[in-house]
Structure formats: structure tokens, C-alpha cells
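A.B. asks: The structure is given below, and queries will be raised subsequently.
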Amino acid sequence: MFRPRFATIWMISALNFLLIDAALANDFEGLVIIATPQGDIEVALNDLPVKQWIDVESCTLHPALNLKEVVETVMPSLEIHPGAYRFNFIATDAYNVLQKKLNGDFRFLPSYSDLSAGWLINKRTNDSHTSDLQLVWDYEAYLPDFMDVKMMNGGIIEWVDNYVFPFPAWVTVEYAVTESRTRLNLQGLPAIRRQGSPAVELNRIILEADLDEFDPDQCEYAFNFISGAQDGKWNLADHLTGLMELPVWRDWQTNEDLFHGWIQRDGDNGFRVFWSRKTKFSGRFSVKHFEEGTIEILDLP
């Protein structure tokens, strides 16, 4: 990501100091949708105060709407505070930061306090005859370039529940061929709610392990599950006839199995692997006593 030189920073600071804090005309048109846990709310852009945003690359000023102020317009109608959430951005062309760039890991989305460094500006398109509402960020926010989002007129600012797994639970992810492994504590990982209780999705655990050998763009895998010592290290593969019966990950687009499995507390059964009814996995695939268990990654032939 571009980082301005000190001379550029000094010049921008001086320019900013000389700006007259006067009301600017609002020439913005259209709306954005604020998607909150209590419903979607449309915010008209021409009802918002306009400020100046400085483009550090060109040292130019742009009329801009501050992102935090945009979000705060809906707060009087809500019973929740945005400080407990992170924020995702979905453009009208379906570009979705959380899903397309972060693989669903909301921990790297901007927080409520980060929004003060975000701006909506009208920027000329390549043909220079039309403008496009774009989300941009101050350089000091140090956010990756993919957080800059085009086509936001009619786009969505989504409140994402900052919901993490609260229990300490250790799981090992191992690539069987090289025996490369990572031991993970599930506590603090992004969680989902299953019947009101926190759970961690299996695909999130595999990605968090970050094994060098795991490359779903090039290879196909099956996944075996081995319980912890409390259940005698019960091995799922020992009770099946072959690899093709195991859950698989064929590529980023064909990953239905792992996206429909999760680990959750289950009373006397400890932490347990569960599967959605959308899958063919039930019964013996729901491996219990999985604390200190192992997810084994196997190459498919």
C-alpha cells in the first residue's frame, strides 16, 4: 500500500491547517444501506454534512462524507451500539470485502473507531463523463488496498457481530503426508451461533492453521477426525471403507463439506464435531471429546 514521504505528509498537514472549516454544499446523490442486526436502513447521501478529504497520492481535496458520521445517522433508531461490531462493505457489483478478501474472518474488518478514517467520495470514472461513489481511507488507517471499495452508491455497510469463541479448546491440524502440524486454541476465533451456543466452523480452523502444504487452489483433500485421549483417540477413518467417504475440500468454490461442519460444546461429550443436515455426515461423523483432537488433512488421489 502507498505510504507518503515525510515531505508529502508535511505539505498535506500544512494544507489541512489552512482549510477554512466552512459548510460545504452537498452535491451527493443516491444512498447507502446500513445493514444492522435490527434491520436495514437506507441513508440518503444528500442529507449528510460534507467535509474535505485529502488524497495523499495527488495532494488534492475532495468533498467527502465521513464514514463514521454516515453510520451514526442510524443510531437514534437502534437499541444497540456499534462499538460491539465490525464493519463490512458490499458494493453494487457484489464485491464483498469480508467474503472475497478475508474468507469470512471478520477480525480484520474495521472497528467502529476505525470508521472515522473512512470517507465516501465521488470519483470520476475512466470515461470522465460519470462519477462513482467510492469508499476510501486516510493513509494513517493503514488498511489494505482492498478496503477501498468502488460502486458504493446503493451499496451496503454491514454491521458484523464481533462474536468470538469464548472457551479454551485445543485442536491440532496435521497434514498427513509430511506430518506438518499446527496446534490451535479455538478461544478467540470467529464464532457462529448454533442453537444459541458458540461454535467454530471447520473451514475457519483449517485456514487458521495456515499450513504451507495446504493449497486448495491446486490440490484436493479429504479430512479425517481423531478424538482426544479422553475418548481413546477414536479415529473416524478406521470406521470407513475409504477416503471418499470422508468430508472433502476440492477447491475454493466446491467446499460444501467443511463449510457445514463445526466444533461446539456438548455437555458430557466435551467439545464435539457437528455437521449440518445439509450434508451426508451424521452419527459417527459427529466425533465427541474433540479437545486435544486432531483434524488430519489427506491428499485425494
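A.B. asks: Filter the range 273-294 for residues that are of a type in the set (Phe, Trp, Tyr) and closer than 13 Å to VAL200 by Cα; which is surrounded by the most Cβ atoms within 10 Å (Cβ to Cβ)?
C.D. replies: PHE290
A.B. asks: Among the residues of the range 222-247, write down those that are over 21 Å from ARG183 (Cα atoms) and among the aliphatic types (A, V, I, L, M).
C.D. replies: LEU240, LEU243, MET244, LEU246, listed by residue number.
A.B. asks: Also, quick follow-up: Residues of the range 145-160 being at positive phi and surrounded by fewer than 15 Cβ atoms within 10 Å (Cβ to Cβ), which ones?
C.D. replies: To start, the set of residues in the range 145-160 that are at positive phi comprises 151, 154.
Hit for the range 145-160 is GLY154, nothing else.
A.B. asks: Which one of TYR163, TYR142, TYR175 is aromatic (Phe, Trp, Tyr) and surrounded by 17 or more Cβ atoms within 10 Å (Cβ to Cβ)?
C.D. replies: On the way: TYR163 fails: surrounded by 17 or more Cβ atoms within 10 Å (Cβ to Cβ); TYR142 fails: surrounded by 17 or more Cβ atoms within 10 Å (Cβ to Cβ).
When all the criteria are applied, what remains is TYR175.
A.B. asks: Right, here's the next one. Considering each residue of the range 76-89, count those that are surrounded by 14 or more Cβ atoms within 10 Å (Cβ to Cβ) and of a type outside the set (D, E, K, R), and give that number. It would help to see each step written out before you state the result.
C.D. replies: Step one: list which residues in the range 76-89 are surrounded by 14 or more Cβ atoms within 10 Å (Cβ to Cβ), which gives 78, 82, 85-89.
Then drop every residue that is not of a type outside the set (D, E, K, R), which leaves 78, 82, 85, 87-89.
Qualifying residue count for the region: 6.
A.B. asks: On to the next question. Select, from ALA176, ALA191, ALA237, ALA222, the only residue that is outside the structural domain of LEU109 (by TED's automatic domain parsing) and over 16 Å from ASP299 (Cβ atoms).
C.D. replies: Working: ALA176 fails: over 16 Å from ASP299 (Cβ atoms); ALA237 fails: over 16 Å from ASP299 (Cβ atoms); ALA222 fails: over 16 Å from ASP299 (Cβ atoms).
Result: ALA191 is the single residue among ALA176, ALA191, ALA237, ALA222 that is outside the structural domain of LEU109 (by TED's automatic domain parsing) and over 16 Å from ASP299 (Cβ atoms).
A.B. asks: Moving to a separate point now. Report those strands (runs of 3 or more DSSP E) wholly inside the range 54-168 carrying at least 2 residues which are acidic (Asp, Glu).
C.D. replies: Numbers: elements: 60-66, 85-90, 118-124, 131-137, 156-161.
Because the criterion is at least 2 residues that are acidic (Asp, Glu), the strands (runs of 3 or more DSSP E) in the range 54-168 that meet it are 156-161.
A.B. asks: Residue check: is LEU143 at pLDDT below 90, within 18 Å of the chain's Cα centre (by Cα) and not aromatic (Phe, Trp, Tyr)?
C.D. replies: yes
A.B. asks: When you scan the range 262-272, do you find a residue that is surrounded by 13 or more Cβ atoms within 10 Å (Cβ to Cβ), under 19 Å from GLY104 (Cα atoms) and modelled with pLDDT under 90, even just one? Spell out the reasoning first.
C.D. replies: Kept after step one, since they are surrounded by 13 or more Cβ atoms within 10 Å (Cβ to Cβ), are these residues of the range 262-272: 262-266, 269-272.
Checking the rest, the ones that are also under 19 Å from GLY104 (Cα atoms) come to 262-264.
Now drop any that are not modelled with pLDDT under 90, which leaves none.
Within the range 262-272, none of the residues are surrounded by 13 or more Cβ atoms within 10 Å (Cβ to Cβ), under 19 Å from GLY104 (Cα atoms) and modelled with pLDDT under 90.
A.B. asks: Right, another one. In the range 272-294, is there at least one residue being in contact with a Pro (Cβ under 9 Å, 6 or more places away or on another chain), of a type in the set (Gly, Ala, Ser) and under 19 Å from THR172 (Cβ atoms)?
C.D. replies: No.
A.B. asks: If I go through the range 195-239 residue by residue, how many of them are exposed (fewer than 14 other Cβ atoms within 10 Å of the Cβ) and closer than 16 Å to GLY104 by Cβ?
C.D. replies: 1
A.B. asks: Take the conditions assigned to a loop (DSSP other than H, G, I, E, B) and either under 23 Å from the mean Cα position of the chain (by Cα) or over 24 Å from PHE167 (Cα atoms) (or both) and apply them to ASP257. Does it pass?
C.D. replies: Working: assigned to a loop (DSSP other than H, G, I, E, B): no; either under 23 Å from the mean Cα position of the chain (by Cα) or over 24 Å from PHE167 (Cα atoms) (or both): yes.
Here the answer is no, as ASP257 does not meet what is asked.
A.B. asks: Further, regarding this structure: Within the range 63-119, which residues are over 30 Å from ILE206 (Cβ atoms) and of a type in the set (Val, Ile, Thr)?
C.D. replies: Within the range 63-119, VAL70, VAL71, THR73, VAL74, ILE80, THR92 meet the criteria.
A.B. asks: How many residues are surrounded by 15 or more Cβ atoms within 10 Å (Cβ to Cβ) and within 21 Å of the chain's Cα centre (by Cα) if we restrict to the range 36-69?
C.D. replies: The total comes to 3.
A.B. asks: For the range 266-296, which residues satisfy the criterion of being more than 24 Å from the chain's Cα centre (by Cα) and outside any loop (DSSP other than H, G, I, E, B)?
C.D. replies: Answer for the range 266-296, where residues must be more than 24 Å from the chain's Cα centre (by Cα) and outside any loop (DSSP other than H, G, I, E, B): GLY267, ASP268, ASN269, PHE271, ARG272, GLY283, ARG284, PHE285, GLY293, THR294, GLU296.
The values are calculated or read from the model by the stated rules, or taken from the named source; none is laboratory data. On a predicted model such as this, the values are computed, not experimentally measured, just so you know. All Cβ positions, even for glycine, are placed from backbone atoms using ideal geometry, and neighbour counts span all protein chains on display.
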